[in-house]
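Chemist: Following this message is one structure expressed as structure tokens.
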Amino acid sequence: AQSVTQLGSHVSVSEGALVLLRCNYSSSVPPYLFWYVQYPNQGLQLLLKYTSAATLVKGINGFEAEFKKSETSFHLTKPSAHMSDAAEYFCAVSRGSSGTYKYIFGTGTRLKVLA
Amino acid sequence: GAGVSQSPSNKVTEKGKDVELRCDPISGHTALYWYRQSLGQGLEFLIYFQGNSAPDKSGLPSDRFSAERTGGSVSTLTIQRTQQEDSAVYLCASSFTSGGDQFFGPGTRLTVL
């Protein structure tokens, strides 16, 4: 079975500070990993994904994530937070190249950016 | 359309009533997914459609929930005899192929009184 754990349901950072949102996964097969962002009253938007190529993945809006197999982690980072980054972020895992369609989502982390 | 659309955006119903939620996927996308997002919880997979294949209904929480996809396009999620615990945001997503990037709609917020 696969699972995702997002540490910290709420994270606050100052504008201009580093953003670090944590995601750890559990998977018995090589996983595919995703980060989605959800703005208020909107659907989820794909930020970035890891599909067994480069371990450092760059996404939209200056975000990136690094796949670390030894730590079973896929943390999301951004060097400098903007006010517009305030949203809820979801990490998800799927079964990689076998049975890829079912995503297992974490419980989300709400990011607050302080002026 | 340009993206996945869902209707209605909000639905308030009384306990025991049936509701229908609609999803219009991106044109040309063969795969369609329904998820449920409850307060304080992540997204819970409900059901998956791929082309003409039998749907994967493994995530439906009870037999009060059903879904269909007509003509390989529009999908309807039906909840019969709604309960208060059904209150959630129901999200639909589609992808070009099975395993492709999933694009999400804005969701339907269901409130059962």
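The values are calculated or read from the model by the stated rules, or taken from the named source; none is laboratory data. As the structure is a prediction and not an experimental result, all values here were calculated from the model. Using ideal geometry, Cβ is built from the backbone for each residue, glycine included, and neighbour counts are taken over all protein chains shown.
Chemist: Among (1) modelled with pLDDT of 95 or more; (2) in contact with an Asp or Glu (Cβ under 7 Å, 6 or more places away or on another chain); (3) more than 17 Å from residue A:7 (Cβ to Cβ), which single condition is residue A:77 missing?
Modeler: Among (1) modelled with pLDDT of 95 or more; (2) in contact with an Asp or Glu (Cβ under 7 Å, 6 or more places away or on another chain); (3) more than 17 Å from residue A:7 (Cβ to Cβ), residue A:77 violates only (3).
Chemist: Just checking, which of A:40, A:79 is over 21 Å from residue B:42 (Cβ atoms) and surrounded by fewer than 19 Cβ atoms within 10 Å (Cβ to Cβ)?
Modeler: Criteria check complete, one pass: A:79.
Residues checked against (1) polar (S, T, N, Q); (2) assigned to a strand (DSSP E or B):
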residue	(1), (2)
B:12	no, yes
B:20	no, yes
B:36	no, yes
B:44	no, yes
B:61	no, no
B:78	yes, yes
B:94	yes, yes
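Chemist: Separate question: Looking at A:17, A:86, A:54, A:1, which is the one that is of a type outside the set (Ser, Thr, Tyr), without any contact (Cβ under 8 Å) to a residue 24 or more places away in the chain and surrounded by fewer than 20 Cβ atoms within 10 Å (Cβ to Cβ)?
Modeler: Just a single option satisfies the conditions, and that option is A:54.
Chemist: Would you check which residues across the stretch A:1-51 are of a type in the set (D, E, K, R) and under 20 Å from residue B:33 (Cα atoms) and list them?
Modeler: A:49
Chemist: How many residues are modelled with pLDDT under 95 and polar (S, T, N, Q) if we restrict to the stretch A:13-36?
Modeler: 3
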